[in-house]
Every structure is written in structure tokens, then in C-alpha cells.
Ligand SMILES: Cc1cc2nc3c(=O)[nH]c(=O)nc-3n(C[C@H](O)[C@H](O)[C@H](O)COP(=O)(O)O)c2cc1C
Ligand code: SF4
Ligand code: FES
């Protein structure tokens, strides 16, 4: 059981000893950036560190990160669900985010998305059955001059992409180990739910033969009729 | 007059981002001069320079710094907005990648001016391994050279600089959401007042100047030229040059330094090589996705903050998108509105519901399932969202929604039934 309120006792670490070492060192560096009475400010950084190791943030991982910074799990969860770069479900070893904001869209990003969809056999928001790739549609990456732009595994920019270059990139990622979302060995099993939508970027629907993307925002609750 | 290169003069040099290159071009000569001035003198020069914030609102930087200086609560902070997320905007990333030291020098001068000894540069999370890595390298070099840390250049001024990063949320570019995020929380904009510059409103509730990367990159130039000289470049009350981030159907997209107030036609023809082969200009997004659209006939408009405000749009973030005849503006608006619906933080009902409604209505229209009333409804919903919310995201969604319909109604009508 994950307690929702304040922690009552120590929370077990989700890391292997090697991961633990990297996490602890990173956390010490992040905390040192803030005044001593403001350690909680390092929460975003700490979550990134945990995700770097594990690829995604499970409930026990969130509870542990919160425990290390004296932040209640419910506050951690609030942060994790707010920001799109955090993953609350296992995603593919490689995550490809194609920008579909205005400049990239004007320069043909929907074609790129459609091409990726076809290559991988998934829609934006999904993960391939073999757990290798997730595809997402992402918001403007501040690379609009080199549109269309894409982002691999949260931090790697690829710009001026074409259907051909995306194909080549996917091939390259498949073959090169060490470039994936998480550093350590992945505590992830092929999972019957993998083919479901991953949490994060805009949710997409549509069929592979229709337009690649038609996105329905989660925000809001009222359907115009 | 050929445009002076104040911010971009090193950009094309090999390894332009290193301390060595920056110093060879005269870098870090403004800092010792600044440290010999009184902090208030620097702020006075900035006031004279008519420097306007480059993050979007165009607020006079000198005035903002005077607000912070007047506060009597210490410590005070300067926080840098490097969250660049406005659709169509990509100039801060270029500064960080190509001349991070220009920014760092400006940052140090800015901190000295507002009496800040601990500063944070909040980068968008996606920048971590690229633009932020360059920035971190520059910060490390600055420390090693004695430009940051304790007793900078023997002046007695101490400054700690930290680069931190977010985790993907456009709203964290809004200054109070940024502060929330920096404090380790979700990025909910704060209700103002108190404003960040005032006690109770800033980082850790202390008086805080939040400034954009490009804004600060101008500081070494202002100290070197003096406020008056700097202010002569550009337009009245809009000092200096601006980095225009141009994208869309132009021959040569990219970041161009041009005097504030250059017309959109001159920017297109003289800097971007005009429209691409086969493209005719149809519409201009003048200052990021949140700004009201301009028609091709309006390309003569000057690009300074005051002119565009008078024309009911805005100079915003300096992200200029030139669109050609192949674009149906209803589709373009539907694309933008998906962005706002996704990025609304959800605190305010008019914004949360309004952006979602607009997005769905526009998706319906572009799917060919709408009628004329849907188009009118988009316009009306947008009007009702304005000026009612905690932050300006809702207005930034309403402005394009209204203007795209007002100026390109035919594009919408072509998609809907009677
Ligand atoms: C929704 C929203 C998003 C914003 N995004 C950014 C941004 O990405 N970068 C930025 O510098 N300013 C952004 N701003 C403007 C900031 O709130 C603030 O005005 C600016 O950082 C102040 O710096 P300046 O005075 O140097 O321009 C945004 C504002 C709003 C309302
Ligand atoms: S206007 Fe929108 S983004 Fe801004 S605080 Fe309100 S709900 Fe959040
Ligand atoms: S619109 Fe795609 S990077 Fe800006």
C-alpha cells in the first residue's frame, strides 16, 4: 500500500546498488542548488533522475522520491501527472516525439507522423508490442526554423526531418544499445497493456489509413453538441 | 542603415560558444565596467535604453528592475526564463547554443543591478542535453575565470548561478508558473498581485525579477554603448535590435537580428530571401502562436511592441511565421487550438473549458462536419475567454481564434455548410 498522506516510515528504494549510487549523487547535486530549507524544490530534478534510471515512474518509485525529499506521495503524483516528460507507464525503449505545432505542421509534420505510424505499426500515443518504440505527438520544441522537428527519448533533438530520415533514425535506434530512455537494466516486462495508450503528450485517435493525427485534448469536460 | 549585429556577431565563428571565442570578440569587457558602476546607475542606463522584455509582454526591463530595487525585503532574486515554448519561437535556444557567454555576462550584470546573489536559469526540460548543456559549460567556464562565484573580479560582489530544468509544460513559461515549478511544484500560475517583483510574489515569496534569455543578452551591449546610444537603435520606446525567429514557407528560415520595428516585409525580403519558390505570402504570425494573425496586405506593419499593440496584435516572443497560399487558416487555427487545449493548466474555467471547446469545434469544422454557426460560436467563445483568467494563456488562445476568423472568414466558410 502506498500511503497518500505524509510518510510514516522509510520507503524501500526501487534501485539496484549501481542505480542508487547515481541517483544519490545526482540528488545531492540537485539539492545543493537550493537554500538548505528549500530541498523540496529539487523534486522535478529528482524525478528526472529516477526516470533516467528506470525509464518510467511507478507508484513505488514516486513514493521513494517523495520520501527522499519529504514530499508527500500525493504531491509527487500531482507533479508527475502535470508534466509531459514524466512517464507513469512503461513506454518503449525508445520514444519518438514528433512536433506537430504550427511551424512544423506547416512544413509537413503530419506526413512525418503518418510515416512513423506506418513504419512502427502504431498510432501516436502507443507503444509497439515488442516494447521497442513509443510514438508521441509533442508540442513546439523551439526548433521551428528547422521544421519539422522531433525529439528522441526526451532530450535528443532531430531537425529538418523527412520521412526517409525518420526511417533511418528508427533503424539506427533499433540497432544501437545505450541510446534508450533509461540507463540501467529495465525492470520492465513485456506487458499485455503495452499496446495501450501511454500517458503524456496529446492523445490521438484515427486509423492508419485515415489522416495520421486528429487529436482530442483531455482538458475540459463538456462536449459541444 | 545596415543592421548592427549586437547579439549575433559571434554566431558564425567556429566554436562560437566557448569562452575563448567570446573573449576574442570583446566578451566580458562590459562586466568589469558594470561592476565599477553603482547598481542603480546600471538600472538607469537600462531605463534610458528603452529595453523591452523579449519574452512576450514587452515590459520595460528598467522599470521592472526598479520595482525590485525598491523592495526592502531580502534576499532578492533574478530568475531567467529559458522555457521557450511559444509555438514558432526558437531564439533563446539559439542564443544558448551559439553564444551562451553573451547571455551569462548579461545575467551577471543583471544580478548585480538588482542586488541578487543567487540566480536560477530555468530551462525547458527538453533542452537538458543540448542548449542547457552548452549553458552549463559556459557557467562553469565563467566560474573558473572568476566571473561568477565569490568576490567577482575583486568587486566584493558574490553570485551563485544555477541552471535547472523543467519537465515539459508550456505554461511554465508564464513567469509565476515558472516560479512554482522552480520551487518543485506543478506549474499553476499564481494569482496576481502580488507580482513577482514584489515581496510575497516572487521566488520563495521574495522580490524577484523574471527575465527572458534574450532580454539579458542585451545587457553587455547596453553597458558598452550606454543606454542612450543603444536606445537610438530600433524604434521609439523600443530600443535595440531583436532576434526574430522566422519559420514557415520562407526561402531561408532562421534567427535574424534586425532593428526593433523593422517591417515584416523587409524582414521577409532582406533577411529570409523572400517566400519559397511557388509560395505566395498569405498570412503572418507576428509574435508567436498567441498573437493575432496578419494578412499579406499588412506586411508593411512595423514589428515593434507599440505599433503592433495599436494594430490589435502583438510583437510577443519574436517568433514570426510566414504562411503561404497552401494553408487553409481554419486548419491552422485548429492546430493552434489543440496546442492551447493541451497546454491549459486547467485552473480557470473560461480557459480550461474554452480552449477545449474551441479545439473541438475547430476539429469539427476542419473535418467538414461544421456549419456557419460553429464558426460564429468559435468567435463568440473566444471573446468570452478574454481578460477573465489568472494568466494570459487564455487571451493568447482567444486572440488567434478571433483574428483568424475576422481576417480569413472565407477559409472557414469554404469548409462548412450554409
Ligand atoms: C502562457 C505564457 C507563456 C509564456 N512563455 C514564455 C516563454 O516561454 N519564455 C519567456 O521568456 N516568456 C514567456 N512568457 C512571458 C513571461 O510570463 C514573462 O513575461 C517574461 O518571462 C518576462 O521576461 P521579460 O520581461 O524579459 O520579457 C509567457 C507568458 C505566458 C502568459
Ligand atoms: S488562464 Fe489557463 S493556463 Fe492560465 S492559469 Fe488559467 S487555466 Fe491556467
Ligand atoms: S513548431 Fe515544431 S519546433 Fe516549433
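Considering the range A:74-85 alone, what residues qualify as being free of Cβ contacts under 8 Å to residues at least 40 places away in the same chain and either under 9 Å from the mean Cα position of the chain (by Cα) or part of a loop (DSSP other than H, G, I, E, B) (or both)? Result: A:83, single match.
Residue by residue, here is whether (1) more than 23 Å from residue B:184 (Cα to Cα); (2) crowded, with 24+ Cβ neighbours inside 10 Å holds:
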residue: B:75; (1), (2): no, no
residue: B:84; (1), (2): no, yes
residue: B:95; (1), (2): yes, yes
residue: B:137; (1), (2): yes, no
residue: B:144; (1), (2): yes, no
residue: B:154; (1), (2): yes, no
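For the range B:189-201, a residue qualifies if it is over 19 Å from the mean Cα position of the chain (by Cα) and at negative phi, and the qualifying residues are B:190, B:191, B:192, B:193, B:194, B:198, B:199, B:201. Can you name the residue in the range B:372-409 that is surrounded by 14 or more Cβ atoms within 10 Å (Cβ to Cβ) and not in a helix (DSSP H, G or I) and, of all such residues, is farthest from ligand 1 (Cβ to nearest atom)? So, considering only residues that are surrounded by 14 or more Cβ atoms within 10 Å (Cβ to Cβ) and not in a helix (DSSP H, G or I), the one farthest from ligand 1 (Cβ to nearest atom) is B:408. Report whether or not residue B:216 is in contact with a helix residue (DSSP H, G or I) (Cβ under 9 Å, 6 or more places away or on another chain), under 30 Å from residue B:123 (Cβ atoms) and buried (at least 18 other Cβ atoms within 10 Å of the Cβ). For residue B:216, the condition - in contact with a helix residue (DSSP H, G or I) (Cβ under 9 Å, 6 or more places away or on another chain), under 30 Å from residue B:123 (Cβ atoms) and buried (at least 18 other Cβ atoms within 10 Å of the Cβ) - is met.
Whether any residue in the range B:85-106 is in contact (Cβ under 8 Å) with a residue 40 or more places away in the chain and under 23 Å from residue B:205 (Cα atoms) is what I want to check. Quick ask: steps written out before the conclusion?
First pass over the range B:85-106, keeping only residues in contact (Cβ under 8 Å) with a residue 40 or more places away in the chain: B:85-92, B:94-106.
Adding the requirement that they be under 23 Å from residue B:205 (Cα atoms) leaves none.
Checking the range B:85-106: not a single residue is in contact (Cβ under 8 Å) with a residue 40 or more places away in the chain and under 23 Å from residue B:205 (Cα atoms).
Name the single residue that is surrounded by the fewest Cβ atoms within 10 Å (Cβ to Cβ) among those in the range A:86-123 being modelled with pLDDT of 95 or more and assigned to a loop (DSSP other than H, G, I, E, B). Break it down stepwise before answering.
So the first thing to find is which residues in the range A:86-123 are modelled with pLDDT of 95 or more, and the list is A:86, A:96-123.
When the remaining residues are screened for being assigned to a loop (DSSP other than H, G, I, E, B), the result is A:86, A:100-101, A:107-108, A:121-123.
Numbers: A:86: 23, A:100: 28, A:101: 29, A:107: 21, A:108: 15, A:121: 12, A:122: 19, A:123: 20.
Checked the range A:86-123; the qualifying residue surrounded by the fewest Cβ atoms within 10 Å (Cβ to Cβ) is A:121.
Looking only at residues in the range A:130-164 that are more than 14 Å from chain B (Cβ to nearest Cβ), surrounded by fewer than 24 Cβ atoms within 10 Å (Cβ to Cβ) and within 17 Å of the chain's Cα centre (by Cα), the one that is nearest to residue B:248 (Cα to Cα) is A:133. Among the residues of the range A:20-31 satisfying the criterion of being surrounded by 12 or more Cβ atoms within 10 Å (Cβ to Cβ) and either more than 13 Å from chain B (Cβ to nearest Cβ) or not in a helix (DSSP H, G or I) (or both), which is nearest to the chain's Cα centre (by Cα)? Among residues in the range A:20-31 that are surrounded by 12 or more Cβ atoms within 10 Å (Cβ to Cβ) and either more than 13 Å from chain B (Cβ to nearest Cβ) or not in a helix (DSSP H, G or I) (or both), the one nearest to the chain's Cα centre (by Cα) is A:23. Would a scan of the range B:295-314 turn up a residue that is crowded, with 22+ Cβ neighbours inside 10 Å, modelled with pLDDT of 95 or more, assigned to a loop (DSSP other than H, G, I, E, B) and touching a helix residue (DSSP H, G or I) at 6+ places or on another chain (Cβ under 9 Å)? Yes - at least one qualifying residue is present in the range B:295-314. Within the range B:162-200, the set of residues being more than 10 Å from chain A (Cβ to nearest Cβ) and more than 13 Å from ligand 1 (Cβ to nearest atom) comprises B:191, B:193, B:194, B:198, B:199, B:200.
Selection over the range A:99-116 of residues that are under 18 Å from the mean Cα position of the chain (by Cα) and more than 13 Å from chain B (Cβ to nearest Cβ) gives a count of 1. Residue count for the range A:107-153, restricted to those that are away from ligand 1 (no atom under 16 Å from the Cβ) and at positive phi: 5. The single condition from (1) at the interface with chain A (Cβ under 9 Å from one of its Cβ atoms); (2) on the phi > 0 side of the Ramachandran plot that residue B:318 fails is (1).
For (1) over 24 Å from residue B:10 (Cβ atoms); (2) more than 14 Å from every other protein chain (Cβ to nearest Cβ); (3) away from ligand 1 (no atom under 12 Å from the Cβ), each residue gets a yes or a no:
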{"position": "B:63", "(1), (2), (3)": "yes, yes, no"}
{"position": "B:67", "(1), (2), (3)": "yes, yes, no"}
{"position": "B:71", "(1), (2), (3)": "yes, yes, yes"}
{"position": "B:74", "(1), (2), (3)": "yes, no, yes"}
{"position": "B:86", "(1), (2), (3)": "yes, no, no"}
{"position": "B:92", "(1), (2), (3)": "no, no, no"}
{"position": "B:100", "(1), (2), (3)": "no, yes, yes"}
{"position": "B:104", "(1), (2), (3)": "no, yes, yes"}
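Can you name the residue in the range B:247-260 that is in a strand (DSSP E or B) and either within 16 Å of ligand 2 (Cβ to nearest atom) or within 7 Å of another protein chain (Cβ to nearest Cβ) (or both) and, of all such residues, is farthest from residue B:323 (Cα to Cα)? In this case the residue turns out to be B:255. Looking across B:203, B:96, one residue alone is within 11 Å of another protein chain (Cβ to nearest Cβ), within 30 Å of residue A:96 (Cβ to Cβ) and more than 16 Å from ligand 2 (Cβ to nearest atom). It is B:96. Checked against (1) away from ligand 3 (no atom under 16 Å from the Cβ); (2) outside any loop (DSSP other than H, G, I, E, B); (3) away from chain A (no Cβ under 11 Å), residue B:361 passes all but condition (3).
The values are calculated or read from the model by the stated rules, or taken from the named source; none is laboratory data. From a predicted model like this one, the values you see are computed outputs, not experimental measurements. FYI the Cβ positions are ideal-geometry reconstructions off the backbone, even for glycines, and counts take in every protein chain you see.
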